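The values are calculated or read from the model by the stated rules, or taken from the named source; none is laboratory data. Because the structure is a prediction, the values reported are computed rather than measured. Cβ: placed from backbone, ideal geometry, glycine included. Neighbour counts: every protein chain shown.
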Amino acid sequence: MQVVETISEVRRIRREGQGSWGLVPTMGYLHRGHAALVEQARKENDHVGVSIFVNPTQFGPTEDLAAYPRNLERDLALLAEAGADLVWTPPVEEVYPAGFQTYVTVEDVTKVLEGAARPTHFRGVATVVAKLFNVFQPDRAYFGQKDAQQVVVIRQMARDLNFPLEIVVCPIVREADGLALSSRNVYLTPEQRAAAPVLYRALCAARDAWQAGEHDGERLRGILRRVLTAEPLAQPHYVSAADPRTLAELGDASRGVLLSMAVRVGKARLIDNILLA
Ligand code: PAF
């Protein structure tokens, strides 16, 4: 496994590696969910590239970029084990040199859900992912379903800007009690950690209702809200029963629905979702 910092080294190794390349973009502090992405990429490509970059442009002014958890040594051990060939760990100036002024803005699908609370977040994500696609030129890029809106935004961008690659989405990896794995789970105290599976319980209750024939969007959102508000440590930011492609809230959810939510538990803002089709 080669670990490099500069764009020119990534490009050189990319050129020398004959055959197909899979890319797994990350912000580090990796967990089993990331390992699953790398393993999937390993199965489907001749070479696997991973980026570790805590991308400043996707953090809002009140979000603590400096406090984002990092552990490069542990990340590299996990990536070697999962089968990465190339890891790019650029310093910020390599990605955003002085004078940088070009951003990628995806319009409608970034205005709702996470984008409503974090208005510049997806501009940062789309910009850095476009740069990663240009630097690595992968045949396939791997993302987790955990960030459901991010997947919608990146698919839209790849389609609109004609990136010649396949976006592969891997299932959410959960703890035994249902909590979706996230680097942000480290912010939870033991008491908050015990409360956090309420997100998945709420999603399962709405999923069960949908499967039993409840296809009214407002009533599905009502179920999510009811389960969440029964947990005193959970402060819901939003609940959603939306069209999986446009992310518009649905009245009639009979043709499929993305159930999602953001919930503050202590210092952590947790998100989770289930896609029903
Ligand atoms: O999902 C993430 O970790 C980040 O949003 C990504 C895709 C690596 C872009 O910084």
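Observations
- Flag for LEU228 being under 19 Å from THR189 (Cα atoms) and touching a helix residue (DSSP H, G or I) at 6+ places or on another chain (Cβ under 7 Å): yes
- Selection within region 64-108 - part of a helix (DSSP H, G or I), over 16 Å from THR26 (Cβ atoms) and free of Cβ contacts under 8 Å to residues at least 24 places away in the same chain: GLU93
- Residue count for region 153-187, restricted to those that are part of a loop (DSSP other than H, G, I, E, B) and away from the ligand (no atom under 13 Å from the Cβ): 12
- When residues of region 46-63 are limited to those that are over 17 Å from GLN2 (Cα atoms) and assigned to a loop (DSSP other than H, G, I, E, B), the one nearest to the ligand (Cβ to nearest atom): ASN55
- Looking only at residues in region 12-41 that are of a type in the set (Lys, Arg) and out of contact with any helix residue (DSSP H, G or I) (no Cβ under 7 Å at 6 or more places or on another chain), the one that is farthest from VAL135 (Cα to Cα) is ARG32.
- Answer residue from region 132-145, given it is outside any strand (DSSP E or B) and crowded, with 20+ Cβ neighbours inside 10 Å and is nearest to the ligand (Cβ to nearest atom) among those: LEU132
- Boolean, GLN150 is modelled with pLDDT of 95 or more, within 12 Å of the ligand (Cβ to nearest atom) and touching a helix residue (DSSP H, G or I) at 6+ places or on another chain (Cβ under 7 Å): yes
- Considering region 213-268, the residues that are in contact with a His (Cβ under 9 Å, 6 or more places away or on another chain) and part of a strand (DSSP E or B) include one that is farthest from ALA202 (Cα to Cα), namely ASP252.
- Residues of region 188-206 satisfying the condition of being among the basic types (Lys, Arg) and either part of a loop (DSSP other than H, G, I, E, B) or surrounded by fewer than 18 Cβ atoms within 10 Å (Cβ to Cβ) (or both): ARG201
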